[in-house]
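Remarks on the structure that follows.
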Amino acid sequence: MGFELNTALFLQQAHGDGCVFTRTATLGHQTLFLRYDSLRAHFPALDAVALDRERYADRLLREAFCAQEVTSFDASDFEGATVVHDMNRPIAAEWHGRFDAVIEMGSLEHIFHFPNAIENLMRMTAVGGRLFIVTPANNHFGHGFYQFGTDLFHRLLCPANGFEIERMYAFEHRYFGPEMGDCGPWFEVRDPAEVGTRPIIIGENPMLLMLRARRTAAEAGVLTTPQQSDYAVMWKGVEGGPPLPATPAPGGLKGSARNFLQTHCPGLYHCIVSARFRRLRERQRRAEQTLAGSPCFVPTKIRGDSPTM
């Protein structure tokens, strides 16, 4: 993909929050889709005429976000990438911890070995640096190999893997394409593990997901395998589920009853647990599955087609 208006504004917000872009890496040599009118409206201090002639976003990164070093990585050199490397394979150690900002805008869905690719990006990010991901979500069927859900990134870019998510937004746009059409408001994405429901959206328009995560630890990568949040809850205390951190049993009558059932009536205990989660899933299905109606998405005042943030 590349830098269209929403992604440029997303980086502008990060720059305003104090994020550093001095040493920047991009996955793919990012095309600049911003045209003269958008550049004048949103980056008035820059030379919109000169930028309008640029094919790639390197100059915008330097002039708008103070990047001193812009290194692009791609599987081929057909777009003039700085480094030719197939992200299906591990990145060389010389690039680990090298960059203040690692920007991925529309390449991950095209890479077959997603775990290797995302781990490369995580390891390339310096401690205290930021990883930016913009990826197609709903109604981009056939665009790439994959469409990603929000729970994947909440479970993956977590403290156990050396990261924390600072911001995550989803928004719908009018039609498929780099211009994104008339874009609606950005919705802040809440962690489904905290909300207690899946972030399922069924809509008519294409949707994009944007996130910013900070590297917090010296060791980073896919150190713990992500599990979808609602399944992790379902498997807790049920045979065959993955091991989860032990939690103290509730005290009093409730805790004693649960321990008795687990020990002496395991079949009845599992029936009760299953019935509980059947009721939970029914409540999820009845939930309104739109950005405006889901508890996982909080409307904001930010719009990709608005000159103000």
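The values are calculated or read from the model by the stated rules, or taken from the named source; none is laboratory data. Fair warning: this is a prediction, and the values are worked out from it, not measured in the lab. Here the Cβ is made from the backbone with ideal geometry for all residues, glycine too, and neighbour counts use every protein chain on show. Accessible surface is based on the protein model in full, side chains and every heavy atom, while ligands, DNA and RNA are left aside. Shrake-Rupley method; radii C 1.70, N 1.55, O 1.52, S 1.80 Å.
Before moving on, here are some points about what is shown:
- Residue count for the stretch 34-63, restricted to those that are within 23 Å of F132 (Cβ to Cβ) and not in a loop (DSSP other than H, G, I, E, B): 12
- Within the stretch 127-139, tally of residues that are over 16 Å from the mean Cα position of the chain (by Cα) and either in a loop (DSSP other than H, G, I, E, B) or buried (at least 18 other Cβ atoms within 10 Å of the Cβ) (or both): 1
- For first residues located in the stretch 5-17 and more than 12 Å from H42 (Cβ to Cβ), partners that are open to solvent by 30 Å² or more (accessible area, probe 1.4 Å) and lie 6+ apart or on another chain with Cβ distances below 7 Å form the pairs A14/R130.
- Residues located in the stretch 43-61, provided they are over 19 Å from T24 (Cβ atoms) and either surrounded by 15 or more Cβ atoms within 10 Å (Cβ to Cβ) or polar (S, T, N, Q) (or both): A48, D52
- Tally of residues being outside any loop (DSSP other than H, G, I, E, B) and either surrounded by 19 or more Cβ atoms within 10 Å (Cβ to Cβ) or acidic (D, E) (or both) across the stretch 200-239: 10
- Among residues that are closer than 27 Å to E109 by Cβ, in contact with a helix residue (DSSP H, G or I) (Cβ under 8 Å, 6 or more places away or on another chain), aliphatic (A, V, I, L, M) and modelled with pLDDT of 70 or more, A213 is included.
- Residues in the stretch 166-199 that are farther than 19 Å from H140 by Cα, open to solvent by 50 Å² or more (accessible area, probe 1.4 Å) and either of a type outside the set (A, V, I, L, M) or at pLDDT 95 or above (or both): 6 in all.
- The set of residues in the stretch 274-309 that are at pLDDT below 70, over 23 Å from Y175 (Cα atoms) and polar (S, T, N, Q) contains only Q284.
- Any pair with Cβ under 6 angstrom, 6 or more apart, that starts in the stretch 36-52 at a residue that is touching a residue at least 12 places away in the same chain (Cβ under 8 Å) and ends at one that is exposed (fewer than 15 other Cβ atoms within 10 Å of the Cβ) and of a type in the set (F, W, Y): A48/Y36; D52/Y36
The rows are residues; the columns are (1) modelled with pLDDT under 95; (2) touching a His at 6+ places or on another chain (Cβ under 7 Å).
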{"residue": "D17", "(1), (2)": "no, no"}
{"residue": "R23", "(1), (2)": "no, no"}
{"residue": "L32", "(1), (2)": "yes, no"}
{"residue": "S38", "(1), (2)": "yes, no"}
{"residue": "A81", "(1), (2)": "yes, yes"}
{"residue": "A92", "(1), (2)": "no, no"}
{"residue": "E104", "(1), (2)": "no, no"}
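- Assessment of the stretch 94-108 against the conditions (within 21 Å of L209 (Cβ to Cβ), open to solvent by 10 Å² or more (accessible area, probe 1.4 Å), touching a strand residue (DSSP E or B) at 6+ places or on another chain (Cβ under 8 Å) and in contact (Cβ under 8 Å) with a residue 24 or more places away in the chain) yields at least one matching residue.
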